[in-house]
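One structure is given here, and the rest of the page talks about it.
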Amino acid sequence: MRTQVGIIGAGPAGLLLSHLLHLAGIESVLLETQTRKHVEERVRAGVLEEVAERLLIDTGVGGRLKREGLRHHGIKIRYNGEGHRIDFKHLTGSHVTVYGQQEVVKDLIAVRLGAGGDIRFEVAEVSPHDFEGAEPHIRFMENGKQQVLHCDFIAGCDGFHGVCRPAIPSSSLTVFEREYPFGWLGVLVEAPPASEELIYAHHERGFALLSMRSPQVSRLYVQCDPNDDIANWSDARVWEEFHARMSGDDGVRQQEGRIIQKGITAMRSFVVEPMQHGKLFLAGDAAHIVPPTGAKGMNLAVADVSILSRALEAYYKKGREELLAAYSAICLRRIWKVQRFSWWMTSMLHKFAEHTPFDRRRQLAEIDYVTSSRAAATSLAENYVGLPMERDWVQDNRKTQSRSSNDFFRARLANPWAAFRKRRDARHILG
Ligand SMILES: Cc1cc2nc3c(=O)[nH]c(=O)nc-3n(C[C@H](O)[C@H](O)[C@H](O)COP(=O)(O)OP(=O)(O)OC[C@H]3O[C@@H](n4cnc5c(N)ncnc54)[C@H](O)[C@@H]3O)c2cc1C
């Protein structure tokens, strides 16, 4: 069996990469250990940056997203029982869209299968081989039979616990990691959200977040011990904690409803560098994890594969290898900015057991600053709605390359954000 790009993992990263490659005329085969039903029902992230939303719409997978996605022009931050709105539209001219990750996954699977795409669900014992050599291939079991998929490149889109990152010699990778002393208990509730926009609550009992997946389904979170047993969280206890932490002066109170899903997620920041080794490229959670406070996990996966697909297209259509060589460096500039933002939001809003009275006062002063200063609020809003996509930069460079010298291209490579700033300033998106 042979293809151009062998993709491991059918989460948002792997599926979108397969779709973008197809649009560029590049073949891929996607291998996934879980069933189609499982990946389509896995409730995880739910906030799309505007650039990610635009990419899905522009590439033909935005039909349902346009109809059912909930466009949000701000968030609320609540502390000391008072709500404060950060107005994205006013501050940046932009927005985010609430649309469940499982819906993005469903749309991508439908569009890939509709176009005759090759997705193999329920395969087992997947392992990438010879990506440092001339014959990259992936071994896997399908219906009890050993199979070998030969390919030019392997894309490791298999999430944090996948097989691709561990297949790279550890001496070639540097890991940057921070674990947080808390997790999120998340519940999905059959009841309309009490607010049209997300509410982030800082409270002495711990952080809470009111989010939603649709006008009828709420997604609620409370900070908890990451090692807590879910059995300790009866529905009654979830409601008691959530109401206590969300209580405020504006009378917003979440309507209770049937809890249809409940789980605890540990929180960590993680980055591996570089994100490539020979002909194996890591994308999405396989290469990095952010705490969900900044709502960035799925968005980073989209950003990575947008770069990777462009680099592969440049390779196959123009014989250019420099974008593939620069893949990791380009992605990491965005990833580290997103890591910083996700860490900052997490640090500002959660309760830390080790905090001294000084730390608690400083934390409150920070929230006060963010909710009262236009400059500070703009910084939060700009990061929340999403920094410009490197994809624009790649396109920008393709134009530059065609009309000027390689030296100029290399200078841009060293400073990819220059193109963004020019474009952003031109649009005055920061108001
Ligand atoms: C439990 C959980 C809850 C989350 N909640 C939130 C949230 O509330 N808000 C938020 O913003 N973000 C959240 N995230 C983060 C966000 O969902 C991820 O960043 C996003 O899923 C990344 O997409 P991905 O395609 O890189 O990885 P994944 O979505 O993890 O996809 C990887 C795929 O690879 C498959 N796979 C794994 N190993 C193999 C193998 N050996 N062979 C073949 N296939 C394999 C997996 O089954 C999976 O389908 C959550 C993540 C997790 C894990």
*asked:* Can I get the semi-axes of the chain's equivalent ellipsoid? Compute them from the C-alpha gyration tensor as square roots of 5 times the eigenvalues, in angstrom, largest first.
replied: 36, 26, 20
*Extending each Cα 7 Å along its Cβ direction at residue 205 and residue 262, get the distance between those two points in nm, one decimal.*
1.6 nm
*Would you please classify the overall shape of segment 3-90 from the alpha carbon gyration tensor, given that a ≥ b ≥ c denote the square roots of the eigenvalues, rounded means a/c under 1.5, and beyond that prolate means a/b larger than b/c while oblate covers the rest?*
prolate
_the chain, helix-only ellipticity at 222 nm - DSSP H runs n ≥ 4, -39,500 (n - 2.57), divided by all residues, nearest 500_ = -13000 deg cm²/dmol
_Straight-line reach from residue 318: which aspartates and glutamates fall under 17 Å, measuring Cα to Cα and dropping same-chain residues less than 8 apart?_
27, 152, 396
*Quick one: work out the % antiparallel among DSSP beta bridges in the chain, nearest 5.*
75 percent
*For labels at residue 240 and residue 57 in the simple 7 Å Cα→Cβ model, what's the distance in nm?*
4.5 nm
*Sticking with the crude label model, points 7 Å out along Cα→Cβ, report the distance from residue 115 to residue 355 in nm, one decimal please.*
4.7 nm
*Name the lysines eligible as straight-distance cross-link partners of residue 317: C-alpha to C-alpha under 17 Å, and not fewer than 8 places from it in the same chain.*
399
_Exposed trypsin sites (Lys or Arg not before Pro) absent - longest run of the chain, DSSP non-H/G/I/E/B, at most 14 other C-beta within 10 Å_ = 254-431
_Rounded to 10°, Cα long-axis angle of helix 101-114 versus longest principal axis of the chain_ = 30 degrees
*Packing rank of 4-16, 183-195, where each peptide gets the mean count of other beta carbons within 10 Å, highest leading*: 4-16, 183-195
*asked:* On a straight-distance basis, which aspartates and glutamates could pair with residue 106 in a cross-link, Cα separation under 16 angstrom, same-chain partners fewer than 8 positions away excluded?
replied: 32, 40, 41, 53, 68, 118
*asked:* Under the rule of at least 5 residues apart or a separate chain, name every residue whose amide H is placed under 5 Å from the amide H of residue 182.
replied: 267
*Considering amide H positions built from the backbone, and no H for Pro or chain starts, which residues 5 or more places from residue 159, or on another chain, come under 5 Å of its amide H?*
285, 286
*Calculate the translational D of segment 115-250 in whole µm² s⁻¹ from Stokes-Einstein, where the hydrodynamic radius comes from the Kirkwood formula applied to all Cα pairs, the temperature is 25 °C and the viscosity 0.890 mPa s.*
127 µm²/s
*Expressed in whole Å with the largest first, what are the equivalent ellipsoid semi-axes of segment 282-327 derived from the C-alpha gyration tensor as the square root of 5 times each eigenvalue?*
26, 9, 6
*FRET efficiency for residue 68 and residue 90, Cβ-Cβ distance as r, R0 = 25 Å, nearest 0.05?*
0.45
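Each value in this text was obtained by applying a stated rule to the coordinates, not by laboratory testing. The structure presented is a predicted model; accordingly, all values stated were derived computationally and were not measured. Positions of Cβ are generated from backbone atoms using ideal geometry, with glycine treated the same way; all protein chains shown enter the neighbour counts.
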